[in-house]
Each structure stands twice: as structure tokens, then as C-alpha cells.
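Novice: Here it is, the structure in full.
The values are calculated or read from the model by the stated rules, or taken from the named source; none is laboratory data. These numbers were taken from a predicted model, which means no experiment stands behind them. Every residue, glycine among them, receives a Cβ derived from its backbone with ideal geometry; neighbour counts consider all protein chains shown. Protein only, heavy atoms only, side chains kept; ligands, DNA and RNA dropped before computing areas. Shrake-Rupley method; radii C 1.70, N 1.55, O 1.52, S 1.80 Å.
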Amino acid sequence: MNNLIKPFKYIDFGETGRALLASSELQPITNKKFIEDEKIDLTLKGNKFAVSGENERFMVMKEKSSSGDFYLLALVPESEILEKLPFLQRISSVISIGAVLFLFLFIFIMRKVFLQPINRIVSAMKKLREGDMEVRLPMNHNSTEFEVMNGSFNHMISEIKDLKINVYEEKLNLQRAELKHLQLQINPHFFLNSLNIIYNLATVKDFAIIQEMSKCLANYFRFMFRSNSYFVSLEDELKHTENYLKIQQLRFPEAINYDVEASPELMKCNIPPLVIQTIAENSIKHAFDMDEPIKIKITVKKDNEDPGFMEIKIQDTGEGFPEEVLWSLENDVSLTNQEGERIGLWNVKQRLNLLYEGHAHIYFSNEQGKGATVRMKVPI
């Protein structure tokens, strides 16, 4: 027994702790007197360990031998176990503090390496969605992947900006060409009929009307042939429109009437050329009927809802817009005639959108008993 227990003497069980052997009934074989003096219960009542002892408390642990019919027990003083507790607490505290520091370090690295670059990209994309084409991502050397991504994003923004400028310039060039086309597009029937009227008037020697007709034609063609410009004064546009309507009135006496009313304070304001004349010409082309006289009324005033805008209203007494044309105009569908040329109303709408960048508005409607109505809201 002493030989069996000898190796356990080299294990630190504390000052009063020890190892001992017990029978299969858990009766001490070694250290009997110590067990009796300390009144230590070895039965453990089915547990593998328990705390026992009257004079000094011991942690009693047992393990049955796999080779013999006996038990090996270890007695460790409770005070010895508690002595190690502060050390274990310090180790636990150090581990906890280390884990917290590691967590903060991990969050800091994650924020610097991943979250900040991602937030910068998201913020730049939001600004880009709002129309800010000057936004750029800084070329921070945090990671190769984000460096490549930032460079690609900046290059993409530059390409989009250049493309947007090129598209805008192309639109301006297209609108300039369309405006020039409108200015140079003289209806041959209108021109020849006007000359025929002058010839017939000369035959009957009605010199007063010949002078009036010649003056209107001269003013009309002077406006059409003058240099290309994006804006003219409201006064010039209305004079040009009146010249056109007067020529038509001289061609068709008592079949065409017109009325132009405009606020004097708006006369020097600028508007795109031919927007009013084109709509008036559209009324003559589509609403005029030799059987029924037509009246065209043009009204220009400050908008009641927004004083920063002028309201231009052109109304005729014809049959109004066909339903399919009205639908196309309301839904920005391009309109062309049988010769493939764009209808003037659609051109006017596109020019207003381009020149005022969406701040001007044009509305088309049919009013019961009044015919077609076109209403424009243009910034003053």
C-alpha cells in the first residue's frame, strides 16, 4: 500500500492535504488516524467529490481503480483551493480585458479598412443620384481592392460627366438646327398665294391693302431670316405673330379674326422665338375652315399662382385637338406628319424643356365650345 501511494506524495495537495487508498466500502486503508481525527466522511453518498471535515474542511475526490477492488481518494484543503481563487480571478480579468481590447482593435481595423471606404462610396453615390457630378472618392491607400474601386468610380463619374455634356451639346445643336429649319421653312403655298394676292390687288389698284400686305410680308420674312438666337423679346414675338395673322387675314377676309392681349410690363421679357407664332400657325393649318370663320385669341399675363412666371394662352374656335394627338402631346410621344417632319407643337414642347431645363411647362386641352387651347408657363 505504501508503495502504491508513494508517487502521490510528490503532488501538491496543500500543507495538510494528501492522497489515500480506501476499500470498496470506502473504508480508509491508509491514513486511518488522520481520517478519524479530522472526521472526514469518505462515502460521498454517490458523488465523485464532496466537502467534508470538522476541524478543517477538505475537498474529497474519489476514483475507483480499474485494476483492483479499491478506491483512490484525494483530500485537498478548502483553504488551499480558495488561495488560488484570486490568481484565477486575475487571470480571468486579464483575459476579459484582453478580449475587450481585441474587440475594440478589431472594430477599429474593420471601420478603417472596410466601413469607412464603404460609407464614402455610399455617400458619393447618393450625391451622384442627386445630380452632383463633381463628387470624387479620395485615393486612400487602405487596401488594393478599394483603391481600384475608388479609381474606377472616379473614372466612371468623369466619363458620365463628359457624356452628359456631349449629349447636352448635341441636343442644343439639334434644337439650333430645328430652330433654323423652322425659321427657313417657308410654306410655298403661303408665299405664292401672298404674291398672287398682291398681284390681284395691283390689278384692281387697291394700293392701301397692297402696302399693308407688302409691309406685313417684309416684317414676317425679316423675322424669319434674322440671325439664329435662343431668345427674343415678347414684344418682337407678338409683332411677328400679328404679322403672320394679319397676312392670313388679308388672304381670307372675314374668315379669320384674332385678338392679342399682353401685359405691358412683360413686353421686354425674353422668350424662345416662334413659340407663339408656331401655335397660331398650327391653328390656321388645322382649325381653319372656309365655311366657318375662326377666331384666335392670344393672352399673355403674369401667372396668378406664381408671379415669377408668365402665362401665355393661345386659343382658337376650331374643333380642337384629335384625341390621338392630344394623348401624344401629353405623354411626350414624338409627332410627325406624312412627310416625316415633326409637328411644330412637339418642337415647341421640346425646345421649352431644353432651354428652361424643365422649369417651363406647356399644357394642351380642348375646351367645350372654344376649340383647342395651349397654355404655357414660362419663367420671367
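Novice: Given only helices, namely DSSP H runs of n ≥ 4 each adding -39500 (n - 2.57), what is the per-residue ellipticity at 222 nm of the chain, to the nearest 500 deg cm²/dmol?
Specialist: Helix contribution divided over all residues of the chain: -16500 deg cm²/dmol.
Novice: So, counting K/R as plus one and D/E as minus one, what does the shell of residues with Cβ under 14 Å around Leu201 add up to? Walk me through the numbers before you get to the answer.
Specialist: On the way: positive: Lys205, Lys215, Arg251; negative: Asp206, Glu212.
Net of charged neighbours comes to +1.
Novice: Name the residue farthest towards the positive end of the dipole of the chain from the options Leu20, Ile165, Leu73, assuming +1 on Cβ of Lys and Arg, -1 on Cβ of Asp and Glu, about the Cα centre.
Specialist: So the residue furthest toward the plus end is Leu20.
Novice: Solvent-accessible area per residue for the chain at a 1.4 Å probe radius, Å²?
Specialist: So the chain comes to 62 Å² accessible per residue, rounded to a whole number.
Novice: So who's got an amide H within less than 5 Å of the one on Tyr258, skipping anything under 5 residues away but keeping other chains? H placed 1.01 Å off N, in plane.
Specialist: Ile296
Novice: Straight-line reach from Lys126: which aspartates and glutamates have Cα under 19 Å away, leaving out those fewer than 8 places along the same chain?
Specialist: Within the straight-line limit of under 19 Å, Lys126 reaches these aspartates and glutamates: Glu134, Glu159.
Novice: Mind listing the phi-derived Karplus ³J(HN,Hα) values for region 57-73, rounded to whole Hz, using 6.51, -1.76 and 1.60 with θ = phi - 60°, and x for any glycine or proline?
Specialist: Coupling constants for region 57-73: 7, 10, 8, 9, 10, 10, 8, 7, 6, 8, 10, x, 8, 7, 10, 10, 10 Hz.
Novice: Once you charge only the Cβ atoms, +1 for Lys and Arg and -1 for Asp and Glu, what is the size of the charge dipole of region 85-181 about its Cα centre, to the nearest 20 debye? Kindly include the intermediate steps, with their values, before the conclusion.
Specialist: Values: 13 positive and 10 negative charges, 72 e Å.
Dipole magnitude for region 85-181 comes out near 340 debye.
Novice: Here's another thing I want to ask about it. Shape verdict for the chain, please, from the Cα gyration tensor: rounded (a/c under 1.5), prolate (a/b greater than b/c) or oblate.
Specialist: Cα axes put the chain in the prolate bin.
Novice: Rounded to whole Hz and in sequence order, give me ³J(HN,Hα) for region 21-32 from the Karplus expression 6.51 cos²θ - 1.76 cosθ + 1.60, θ = phi - 60°, writing x for Gly and Pro.
Specialist: With coefficients 6.51, -1.76 and 1.60, one gets 10, 9, 6, 5, 8, 6, 9, x, 9, 10, 6, 5 Hz.
Novice: Could you name the lysines whose alpha carbon sits less than 27 Å from that of Lys45, not counting residues in the same chain fewer than 8 places away?
Specialist: Lys9, Lys32, Lys33, Lys62, Lys64
Novice: On to the next question. Less than 12 Å Cβ to Cβ from Glu15, Lys/Arg counted +1 and Asp/Glu -1: what total charge do the surrounding residues give? If you can, show how the numbers build up before the last one.
Specialist: Numbers: positive: Arg18; negative: Asp12, Glu56, Glu80, Glu83.
With Lys, Arg at +1 and Asp, Glu at -1, the neighbours total -3.
Novice: For Lys370 and Asn154 in the same chain, what is the full-extension length gain: residue separation times 0.36 nm, less their Cα-Cα distance, in nm?
Specialist: 72.1 nm
Novice: Still on this structure, I have one more. Set Lys and Arg Cβ to +1 and Asp and Glu Cβ to -1, take the dipole of the chain about its Cα centre, and tell me which of Leu4, Pro117, Gln248 lies farthest positive.
Specialist: Leu4
Novice: Below 12 angstrom from the Cβ of Leu266, what's the summed charge of the other residues (Lys, Arg +1; Asp, Glu -1)?
Specialist: After counting each charged neighbour, the total is -3.
Novice: Determine the dipole magnitude for the chain: charges of +1 sit on the beta-carbon of Lys and Arg, -1 on that of Asp and Glu, nothing else is charged, the reference point is the Cα centre, and the result goes in debye to the nearest 20.
Specialist: 1160
Novice: Using a Gaussian network model of the chain with C-alpha springs under 10 Å, which one of Gly131, Gly344, Gly53 is most mobile by mean-square fluctuation?
Specialist: Maximum fluctuation in the GNM of the chain, among the listed residues, is at Gly53.
Novice: When we measure straight from the Cα of Lys297, which lysines land under 25 angstrom away, once same-chain ones fewer than 8 places off are left out?
Specialist: Here the lysines satisfying the reach criterion relative to Lys297 are Lys215, Lys239, Lys246, Lys268, Lys285, Lys313, Lys349, Lys370, Lys377.
Novice: Which whole-Hz couplings ³J(HN,Hα) result when phi for each residue of region 303-320 is put into the Karplus expression 6.51 cos²θ - 1.76 cosθ + 1.60, θ = phi - 60°, listed in order with x for Gly and Pro?
Specialist: Using θ = phi - 60°, the values come out as 5, 5, 7, 9, x, x, 10, 9, 10, 10, 10, 10, 9, 10, 9, x, 7, x Hz.
Novice: Does region 262-380 classify as rounded, prolate or oblate by the C-alpha gyration tensor (a ≥ b ≥ c root eigenvalues; a/c under 1.5 gives rounded; else a/b over b/c gives prolate, otherwise oblate)?
Specialist: oblate
Novice: Determine the distance separating the Cα centre of region 69-107 from the Cα centre of region 1-61; give it in Å without decimals.
Specialist: If you average the Cα positions of each part, the centres end up 25 Å apart.
Novice: Arranged from highest to lowest average of other beta-carbon atoms within 10 Å per residue, in what order do the peptides 66-77, 309-320, 106-117, 89-100 appear?
Specialist: In descending order of packing, they fall as 309-320, 66-77, 106-117, 89-100.
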